[in-house]
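Structure first, commentary second.
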Amino acid sequence: MTASNYIDECERDPLLCRGGICVNTEGSFECICPQGHELSTEGSVCVDINECSLSDSLCRNGRCVNIIGTYQCTCDSGFQGTPDRQGCVDIDECTIMNGGCDTHCTNSEGSYQCSCSEGYALMPDKRSCADIDECEDNPEICDGGQCTNIPGEYRCLCFEGFMASLDMKTCIDVNECDLNPNICLHGECENTKGSFICHCQLGYFVKKGTTGCTDIDECEIGAHNCDMHASCINVPGSFKCKCRTGWLGDGLKCNDLDECATEEHKCNLNANCVNTPGSYRCACREGFTGDGFSCSGTGCPGACSTLPWGSQLIPACLLWEMRQPRQRDPSLPHQPSSSGVQTLPDGQGHSPRPAHPARLPMGCPTLYPGDLPIESCSHKRRKAEQGLACL
């Protein structure tokens, strides 16, 4: 091609390659489009490329805005654009005045969240924290104790029978049975919530105001079956019965002891023993005076004179206790009186004595059957009869 036939399309048409640069070539031209542009289909114009329509991944967490030759991102709330404004990155609100949170700020992608410490609750403004009254919210939170609210938490003041946990937020039942094996002595211990129960053995009970098992005094409360003539003796867990003095038996059944028959009495020799229920009484015999335990007198219904006997005088006491036939030495002289009373003459000496003397009242000398056979005389009514004189 000659120079005269050379055509510069770029010079001839200034609008050629609009939006770009027109470069003349031999027999033609070429459009060089800037970044963000592309050649139109007819190849003579540089048109803007809409990057936003090419990819959905552009401007994540934001909105893509196409501009001539490029694009920009308009970021969502909680995000900010990159320096080239072609991307969106998260804003860490917690680095800016703690996000406005009272206590804890937790950043998240595109946002953040305020939270409170344990024992506090987030207020409706989502930023402020207020103390939680756990005692009011859950009255049973200190089961077995009293709840006391303090800022941010609570404490349990445990009742008797419970102990606090290490963090003082729980009351734990104390097993008294394991803690003290002898707490229910004479019984079996059963642990209960906050306390314990003693199941006492027979003869024991749980006394109000005390722990453990206390002996029942069956004698004091009348819970025994002792005889009415027996004494009740309390022993641990039971009782014993013992017949009182004057009674015989096992205590459950007592029979009267006849002290007169068994001669377990202290009556005087010149007194009669009279048995009474549980005891006895003594009564001095006729001719004696006293309380029965001590008797004094001659044993005669009245005062009697003495009868001479050899060289001594023998009281002529009445022998009302001699009822057996009279026995005497046949060698001794005797004279029957008109009244049948036998007497011995003076000066005849003593006769041999039988083996068994007659039992006479106190104050009389020992006489033997046949020594002085004397007929009974009535007080102040019978007169002297062969040496015997009743006054």
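The values are calculated or read from the model by the stated rules, or taken from the named source; none is laboratory data. These numbers were taken from a predicted model, which means no experiment stands behind them. A quick note on method: Cβ atoms are made from the backbone with ideal geometry, for glycine too, and the neighbour counts reach across all protein chains shown. For the accessible areas, the whole protein counts, side chains as well, though only heavy atoms, and no ligand, DNA or RNA atoms are used. Shrake-Rupley method; radii C 1.70, N 1.55, O 1.52, S 1.80 Å.
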Within the range 120-145, of all residues that are farther than 30 Å from VAL174 by Cα, of a type outside the set (Ser, Thr, Tyr) and in contact (Cβ under 8 Å) with a residue 24 or more places away in the chain, the one surrounded by the fewest Cβ atoms within 10 Å (Cβ to Cβ) is ARG127
Is one or more of the residues making up the range 171-181 surrounded by fewer than 16 Cβ atoms within 10 Å (Cβ to Cβ), in contact (Cβ under 8 Å) with a residue 24 or more places away in the chain, in contact with a Gly (Cβ under 6 Å, 6 or more places away or on another chain) and under 30 Å from ILE141 (Cα atoms)? no
So, in the range 207-251, exactly how many residues are among the hydrophobic types (A, V, I, L, M, F, W, C), within 30 Å of GLU176 (Cα to Cα) and buried (at least 16 other Cβ atoms within 10 Å of the Cβ)? 2
Within the range 152-161, is even one residue of a type in the set (A, V, I, L, M) and not in a strand (DSSP E or B)? no
Go through (1) open to solvent by 60 Å² or more (accessible area, probe 1.4 Å); (2) touching a residue at least 24 places away in the same chain (Cβ under 8 Å); (3) over 42 Å from the mean Cα position of the chain (by Cα) for ALA261 and report which single condition fails. (2)
Taking the range 35-70 as the search range and keeping residues that are in contact (Cβ under 8 Å) with a residue 24 or more places away in the chain and exposed (fewer than 13 other Cβ atoms within 10 Å of the Cβ), which one is farthest from GLU109 (Cα to Cα)? GLN35
Could you look through the range 264-293, keep only residues that are within 30 Å of HIS224 (Cα to Cα) and crowded, with 17+ Cβ neighbours inside 10 Å, and pick out the one that is farthest from the chain's Cα centre (by Cα)? ASN275
Which one is farthest from ILE67 (Cα to Cα) among residues in the range 81-119 that are of a type in the set (A, V, I, L, M, F, W, C) and open to solvent by less than 50 Å² (accessible area, probe 1.4 Å)? CYS116
